[in-house]
Amino acid sequence: MLKPCTKRRKNPRAEDEIIITHYGYSDGSGEYYITIDTDKCDGCGKCVKQCPQSALRLETIFIDLEDKIVASVTDDQRKKIKYTCSPCKPESYNTPCVLACESKAINCTWKTQ
Amino acid sequence: MIESSIKSSVEFWRWEEYNRIMPGKKWTSKDLITAGVDVGSVGSKAAIMVNGEAYSWGITRTGSNSPESAKKVLDWALRDTGLKVSDLKYIVGTGYGRVNVPMANKAITEIACHAKGANYIWGSSVRTVLDVGGQDIKAIRSDETGRVVSFLMNDKCAAGTGRGMEVFADLLKIPIEDIGGISLKVDEEPPPVSCTCVAFAKTEAMGLLRKGWSKEKVLAAYTRAMAVRMANLINRVGLEKELVITGGQSKNIGIVSRIEVILGVKCLPMPNWRENGLDPMVAGAFGAALFAKALYEKAQKP
């Protein structure tokens, strides 16, 4: 089992150079995205436990020649998060996953047209 | 009669599978030889690198069996090189079927590999990479070292991807390599089509053809719809120059030129892959082979 990487890089990068992963899509009805800041995410898994739809999981990604465990949206849910996430009222920006994250790594963008 | 029945059996979607050894490149047993195997949903790519320099590569169609496709494409890349799989110090698997690359020492997501590969092909000025694969589109922002900064991994469906183009090639009976050029043979861009779904688009396209639209006009309308979707993805991760396109659709001039018009930027010029340039379709495999080198060197350090 890999341990979450907690080591900070020697040269901290500028604000816009952290790795942001976007999951979701925009279609004719609006924009639906869950974004995870993989630099802030420490892979604690609290959001995964809090998600009532089981739409989140921990995933190993590859950054700077290291494996790091971070939260991500499951493959199954990526293409339908508009429906999966709607019971949590993402337009309020206070979904269980966002509130569960102590390092403020999760955000949601919900814009219905 | 006979001629027409032969014609109908031509597979217009079938794109060229090939392998290439970079001219003038040699290897010795002292060199660090690594490989990247990118098993995509539609195409499999393998690249061999000698000391971090592209040496050879191969492209084949992915079959229904990922491990076999991985083995086949690696054999293609090794063909006529005198190398054996055992000469490869480290192999990285990537792509849709990366967990099914049996000979790989490690699997890495295609996002990291495409950013690294684009950085290798076009140089350190690359900031935005659009990878148009067989079944999905990815928009990736990277820094000057090819490290991923931001990415949008998946759009809703296969619309606007390589597979969608294959469907149109078959429907309109036009070889897939010619689709991009033919889609540009219109005096003005036709009105946009409502739907980009591959399954429904076929029906809609048939309707348009029956209404008297030319093949060129239908292709122009769909290529534009696909380009608009891709441009939206890029805008979501943020467009920063220089922009490059990787994956199979980087060879589709109709897509590339329309994205340039919509976004108002020029992509970096496509390498002449038919002669001695690097093929942008193999970007993921090049990136994987570079990571293989870095990981091997890292493992050697005490």
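All of the numbers you see were taken from the coordinates with simple rules; none came from a lab. This is a predicted model, so every value here is computed, not measured. Note: ideal-geometry Cβ built from the backbone for every residue, glycine included; neighbour counts use all protein chains shown.
Quick notes
- Inter-label distance for B:V261 and A:R57, nm, one decimal - labels placed 7 Å from Cα along Cα-to-Cβ: 4.2 nm
- Sorted peptide list for B:249-260, A:35-46, criterion being average Cβ within 10 angstrom, highest first: B:249-260, A:35-46
- Extension gain, B:E17 back to B:K211 (0.36 nm per residue minus Cα-Cα distance, nm): 66.2 nm
- Overall form of the protein assembly as shown per C-alpha gyration tensor (a/c, 1.5; a/b vs b/c): oblate
- Comparing B:M226, B:M49, B:M206 in a Gaussian network model of chain B, where Cα atoms under 10 Å apart are tied by springs, the biggest mean-square fluctuation is seen for B:M206.
- Taking B:K26, B:K202, B:K116 as the candidate residues, the one with maximal mean-square fluctuation in a Gaussian network model of chain B, Cα springs under 10 Å, is B:K26.
- Extension gain for B:N272-B:V99 works out to 59.1 nm (0.36 nm per residue, less the C-alpha to C-alpha distance).
- Mean Cβ count within 10 Å, highest first, over the residues of peptides B:102-111, A:22-31: B:102-111, A:22-31
- Gaussian network model of chain B, Cα within-10 Å springs - most flexible of B:I234, B:I262, B:I179: B:I262
- Beta-bridge orientation, the protein assembly as shown: approximately 75 percent antiparallel, per DSSP, counting only bridges with both partners inside.
- Chain B: antiparallel DSSP beta bridges as a percent of all, rounded to 5: 70 percent
- Amide H contacts under 5 Å for B:L32: B:N51, restricted to partners 5 or more places along the chain or on a different chain, H placed in the peptide plane at 1.01 Å from N.
- Cα gyration tensor, segment B:165-232 - rounded (a/c under 1.5), prolate or oblate: rounded
- Compared with the dominant principal axis of the Cα atoms in chain B, helix B:66-78 is inclined by about 70°.
- The angle between the Cα long axis of helix B:110-122 and the main principal axis of chain B comes to about 90°, on a 0 to 90 degree scale.
- Three-way shape label, chain B, alpha-carbon gyration tensor, a/c 1.5: prolate
- Sites B:N65 and B:T145 - FRET efficiency at Förster radius 35 Å, r taken between beta-carbons, to 0.05: 0.45
- Inter-chain Cβ neighbour count for B:144-151, averaged per residue, equals 4 (cutoff 10 Å, partner chain atoms only).
- Inter-label distance for A:N94 and B:N235, nm, one decimal - labels placed 7 Å from Cα along Cα-to-Cβ: 3.2 nm
- Ranked by how many other beta carbons lie within 10 Å on average, peptides B:283-296, B:134-147 from highest: B:283-296, B:134-147
- Estimated inter-spin distance, B:E189 and B:K173, nm [label 7 Å along Cα→Cβ]: 3.0 nm
- For the residues of A:22-32, the average number of beta carbons from a partner chain within 10 Å of their own beta carbon is 4.
- Computed per residue of the protein assembly as shown from DSSP H runs no shorter than four, each worth -39500 (n - 2.57), the mean residue ellipticity at 222 nm is -9500 deg cm²/dmol.
- Other protein chain Cβ atoms within 10 Å, averaged over every residue that makes up A:56-62: 3
- Sites B:D80 and B:K298, calculated FRET efficiency, Cβ-Cβ separation with R0 41 Å, nearest 0.05: 0.85
- Helix axis angle, B:283-300 relative to chain B longest principal axis, alpha carbon, degrees: 20 degrees
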